[in-house]
Amino acid sequence: MNAIQVEVIINQTADYLSVLNDEVHSQEQTLVVIEDNIVAKRHSIFQKLTAIDAPVLIVNKKPWRNPIKVLAAVDPIHENASTGRVDTHIVSYTEQLAALLKAKWSVVHCCNITWPLAKYKTKILAAHRNGLTFFAKKQRITLDKCILLEGMPETALTAHIIEQNSNILVIGLIARNKLEQLWIGSTTTALLTDLPCDMLLIKK
């Protein structure tokens, strides 16, 4: 194994976030890694994730098993998806991570159909499937890597992660709604409450 040069910086200032972001801005590419803990014992930085100017990898104590599996969660047909590039960046980071770790990777999109729309289920699922297919072709992702899940995203994703023994979930951090982009998205918030696996959070 090759040696890795590490610089240890101990930050004891109250404004640790500014110090962290200064360090982030001083590097060409930065990944912030934060160790998870039970909610009651988490560092206060968990309340400021959206203020970190870099992708954030939250790691828990579950060991990775071979083959390593990386899952990219996208929402390409969201009403605000066309104005942003978060899904493109999610896929890009997933591909880079998979190449680095020699991991398997796939892309997942969740479709939740509420009971008032149940009679339109077939059409809604078809629209979501077509949206995912269009996104995949645009990003040059083979369709065998694409998965459409039914149900609430936080529930469907957790079940899929457990079933497939996925190791890392790459997901958007902030809400997609333009009026709420200072807040963590609802799906990510729910998953952060009890991590189903390590999570790589992409801000933009």
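Here the condition is being within 14 Å of C110 (Cβ to Cβ) and either among the aromatic types (F, W, Y) or without any contact (Cβ under 8 Å) to a residue 60 or more places away in the chain (or both); of A126, A136, A156, it holds for A156 alone. None of V74, V8, V32 is out of contact with any Cys (no Cβ under 7 Å at 6 or more places or on another chain) and in contact (Cβ under 8 Å) with a residue 60 or more places away in the chain except V74. Restricting region 2-55 to residues that are loosely packed, with under 10 Cβ neighbours inside 10 Å and either β-branched (V, I, T) or at positive phi (or both) leaves a set whose member that is modelled with the highest pLDDT is I38. I'm trying to understand the selection: among the residues of region 105-126, which are surrounded by fewer than 20 Cβ atoms within 10 Å (Cβ to Cβ) and within 23 Å of the chain's Cα centre (by Cα)? S106, N112, I113, L125, listed by residue number. When each of I124, I171, I90 is tested for being closer than 19 Å to T189 by Cα and either touching a Phe, Trp or Tyr at 6+ places or on another chain (Cβ under 7 Å) or part of a helix (DSSP H, G or I) (or both), the lone residue that passes is I90.
Considering only region 35-53, state which residues are part of a loop (DSSP other than H, G, I, E, B), in contact (Cβ under 8 Å) with a residue 60 or more places away in the chain and hydrophobic (A, V, I, L, M, F, W, C). I52 - this is the single residue of region 35-53 that is part of a loop (DSSP other than H, G, I, E, B), in contact (Cβ under 8 Å) with a residue 60 or more places away in the chain and hydrophobic (A, V, I, L, M, F, W, C). Annotation note: of I90, I68, I58, I77, the sole residue that is surrounded by 16 or more Cβ atoms within 10 Å (Cβ to Cβ), modelled with pLDDT under 95 and of a type outside the set (S, T, Y) is I77.
Looking across region 183-204 at every residue that is closer than 18 Å to D87 by Cα and in a loop (DSSP other than H, G, I, E, B), the one that is modelled with the lowest pLDDT is identified as W183.
Among the residues that make up region 95-116, is at least one of them over 20 Å from L169 (Cα atoms), of a type in the set (A, V, I, L, M, F, W, C), part of a helix (DSSP H, G or I) and at pLDDT below 95? The answer is yes; a qualifying residue exists.
The values are calculated or read from the model by the stated rules, or taken from the named source; none is laboratory data. Since the model is a prediction, treat every value here as computed from it, not as a measurement. Glycine also receives a Cβ, built like all others from the backbone with ideal geometry; neighbour counts cover every protein chain displayed.
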